[in-house]
Structures are given as structure tokens and as C-alpha cells.
């Protein structure tokens, strides 16, 4: 789109000094995906930061988003969480080398792809099943060929992996966060930046094989308790390789752990660990609030976001605790 066309459409030449391109499929189809009102405004603002960034990364702070959108920080966090829960936004949460929380990085490609798929499908119907052109003619954000039908992709966004093309399957962000936290906690390490990528790839492979986050965590904890020498240096690759044997009950991990031969004791031990983790979260939230009180100030946007993430972990621990309670009742 040329600068002259932008000036002509909006009637203000000064707008040519900076703009965010919103492709036609996104303008016309975002409402059909349920991304309306402030949710769509948020996507546009995130796109603005992506275009302005030298590396093409959208990493605004909560306070900046709140100021530019004219909303409270709490409201912006709620909007972001909703887009993530619906699968339209992928969030990469990172820390600085000093262990402090860095600004989240936002990737809205799932949303852009969904809009393009609807657009392409409608074009094919209008043209009598003729090819509707390439995505490049509408947007430089998404590249996709042979899109799935609307019924396959959007009538039920939470279909199982068997219902979707293998390369297009996505999984809830909370699954990744849970197993990333499990891995770092059990191994006693802290991953930074690009170190998450191979772990996330291994996790995705296991999710595609219908392994649950709890199964993955259980195997990691079993490795940590094992008396077998070959498990001393286990990694996520080991977990991926041995998962099938573990689930089928054919994996031998030694006899040093009494809990390994007593399912009841094992569940009790897991419940105790969850209670400990939940209490640690409460302590961390209190520390964040106390820090603000000591300096006689209100919480910053980063601190609000940090507390929200910790509370998400607490909810995950509560859900896992309920599932363990159900398993205990079945024994």
C-alpha cells in the first residue's frame, strides 16, 4: 500500500509518516472469530509494536499498553489472558539474566492465520472452488497453503490433535508453562531465552502423541527418584524417549523409592509437594506486595503481571491437586 493511498483514504497527509498495515482478511473476519472490541484493539496495538521493533518483536510493557489503550493495567491483563486462552495469542515469558521478569513477547500469528483461512475459504466458495490466490497478496504476516475448511478449524477450537493436520496443531500455553516450570524445578536449574526452544519442541512432540502435562511431570519426578545410574543425567530428551515405556508400565527405574511401588503413598507425596509449591506462590505474592509497601508506592504493571502469573500457577496446582484426589479415591 503506497503512502498516497493512505493519505487519500484517511484525508490526513501526516498519517503517511507512520502506519500499521491491517490486512483485509483481519479487518473483515476478526469478528467471526470472536475477537471484538478491546480485544481487537489490543491486537492492533501489539502489531504496532511489532512493526516498530527492529527485530520484528512485540514486547510492550503493561503500563505502555494500558496508557495507549486508555485502560487499566488489570483490564489489559484480562484482555491478554482471554486472547491466550482462546488460542489467538502466543506469549513467551522470559526473565533477564539477573532473574527479573522481562516484558512478555507477543505473537498473534495464530489469529492472523485464522483470519486468512476464513478469507481464503470464502474466496474459494465465491470462485466455484477455484484457487483464491496466495496469502502474500493480502498480508506479509501469514504464509499458508491448502487451508483447512471452516468447519474443521473453527467450529470447535479445542478439538483433539487427530482432527487437525499434524503440522498445524497448537496446545494451551499453560501446558507449556507448567511443564517448563516442572522441568526447571525438578532439575534445579533456570533456563534463559533460547534455551527454552528445544524443551518446547520436545514437549510439543509429546503432546502430539497424546501425552498429558501430568504424565510428563510424573516421569520427570520418577527419573529424579530413580536408583538407576543411567537416569543421573536425564534431560527432556530422555523423557521424550522413555515416555511410551513409562505409560505402558514397562520402564524399570530401580527400587530405591518406596513410593514407586505404592501408588497410594506416591499420590500422598505428590499432594504434599503441590501444597508446598502453592504455599511458595503465596509467599512470593506477599514479597511482591511487601516490596511495594516498603517503598510507599503502588504496584507497577510488571508487578501486577508477575502476581497474575503466580496466581495462574496456584490455580494449576489446585487443579492438579483435585485430579490427584480423584485418583486417590479410585485406588
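The values are calculated or read from the model by the stated rules, or taken from the named source; none is laboratory data. Because the structure is a prediction, the values reported are computed rather than measured. Here the Cβ positions follow ideal geometry from the backbone for every residue, glycine too, while neighbour counts run over all protein chains shown.
Details
Condition check ((1) in contact with a helix residue (DSSP H, G or I) (Cβ under 6 Å, 6 or more places away or on another chain); (2) modelled with pLDDT of 90 or more; (3) part of a helix (DSSP H, G or I)) across all residues:
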{"residue": "223", "(1), (2), (3)": "yes, no, yes"}
{"residue": "253", "(1), (2), (3)": "yes, no, no"}
{"residue": "274", "(1), (2), (3)": "yes, no, yes"}
{"residue": "282", "(1), (2), (3)": "no, no, yes"}
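- Some residue of the stretch 3-21 being surrounded by fewer than 18 Cβ atoms within 10 Å (Cβ to Cβ), assigned to a helix (DSSP H, G or I) and at pLDDT 80 or above: no
- Tallying residues that are farther than 22 Å from residue 180 by Cβ and in contact with a helix residue (DSSP H, G or I) (Cβ under 8 Å, 6 or more places away or on another chain) within the stretch 305-331 yields 4.
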